[in-house]
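For reference, the structure discussed in these notes is given below.
The values are calculated or read from the model by the stated rules, or taken from the named source; none is laboratory data. The shown structure was predicted, so the numbers you read here are calculated from the model rather than taken from an experiment. Here the Cβ positions follow ideal geometry from the backbone for every residue, glycine too, while neighbour counts run over all protein chains shown. For the accessible areas, the whole protein counts, side chains as well, though only heavy atoms, and no ligand, DNA or RNA atoms are used. Shrake-Rupley method; radii C 1.70, N 1.55, O 1.52, S 1.80 Å.
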Amino acid sequence: MLIDDLPAGLDARHPAEEDHPRLLAVLDTWWGGLKGEAGSRERALLLPRLYLQHFTTTSLLVERDGREVAAFLIGFLSQTRPDTAYVHFVGVDPALHGQGVGRALYRAFFALARSRGRRYVECVTSPENTASRAFHTRLGFTPRAPKADYDGPGLGRVAFTLDLGADREPSRRPSP
């Protein structure tokens, strides 16, 4: 079992390329129309098929009843920074919020990153996504100030870093 602390009725596996349409289908519903039509396009562009072709062994898909998408985490090991893993995109069915599914996904990814010799985990979220910002902070990530146009014009982001080697409080990775 890839994740041993999921609520009953949920199972995890690595995603496959064939899962791409199923993942795209949940994005607008789960994000509740955040940022309107522009947000919908932005989310779809964040999850191109290539992630399910090249990063499946470091990504996770949680399903209920073997076919209904309940959550996902798309992550990879940085090729440029050999001490870093990166969480690219995470989603959890809002009906499952507060049940530990997101935390379980991240714990599994942290374990994978540690097993591959990684010390840091990085991720970004939009400044408007206050729920995501709060969630990452609760997990121990250290946020940086929002940066305008991080991913292009009008696409500001808040970057986060988690130090997997920290004994107590996670620390922010020194800026490259």
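Rounded, prolate or oblate: which fits the range 20-152 when a ≥ b ≥ c are the square roots of the eigenvalues of the alpha-carbon gyration tensor, with rounded for a/c under 1.5 and prolate only if a/b beats b/c? Rounded, since a/c falls under 1.5.
Considering helices alone, the calculated mean residue ellipticity of the chain at 222 nm is -9000 deg cm²/dmol, with DSSP H runs of length four and up weighted by -39500 (n - 2.57) and normalised per residue. For the range 69-80, 3J(HN,Hα) computed residue by residue from phi via the Karplus equation (6.51, -1.76, 1.60; θ = phi - 60°) reads 5, 10, 5, 7, 9, 9, x, 7, 9, 5, 7, 7 Hz, glycine and proline entered as x. The range 62-101 and the range 115-146 have Cα centres separated by 13 Å. Protection proxy ranking for 76-84, 53-61, using the average of other Cβ atoms within 10 Å per residue and placing the highest first: 53-61, 76-84.
DSSP H helices in the chain with Cα extent of 20 Å or more along the helix axis and mean Kyte-Doolittle hydropathy at least -0.5?
On the way: long enough: 101-115 (21 Å, 0.57).
Qualifying helices: 101-115.
Please report, as a whole percent, how much of the solvent-accessible surface of the range 12-71 comes from carbon and sulfur atoms (probe radius 1.4 Å).
Working: 1710 of 3050 Å².
Accessible surface attributable to carbon and sulfur in the range 12-71 totals 56 percent.
State which stretch of the chain is the longest one without any exposed trypsin sites (Lys or Arg not before Pro), exposure meaning a DSSP loop state and at most 10 other Cβ atoms within 10 Å.
Details: sites that count: 67, 168.
Counting at most 10 other Cβ atoms within 10 Å as exposed, the longest clean stretch of the chain is 68-167.
For the chain, the relative contact order comes to 16 percent (Cα pairs under 8 Å, sequence separation of at least 6). Based on protein heavy atoms only, the range 32-176 ends up with 51 Å² per residue of surface accessible to a 1.4 Å probe.
Can you list which of the GluC sites (Glu not before Pro) found in the range 7-72 are DSSP loop residues with at most 13 other C-beta atoms within 10 Å? If you can, show how the numbers build up before the last one.
Details: sites: 17, 18, 37, 42, 63, 68; in loops: none.
Qualifying residues, ordered by number: none.
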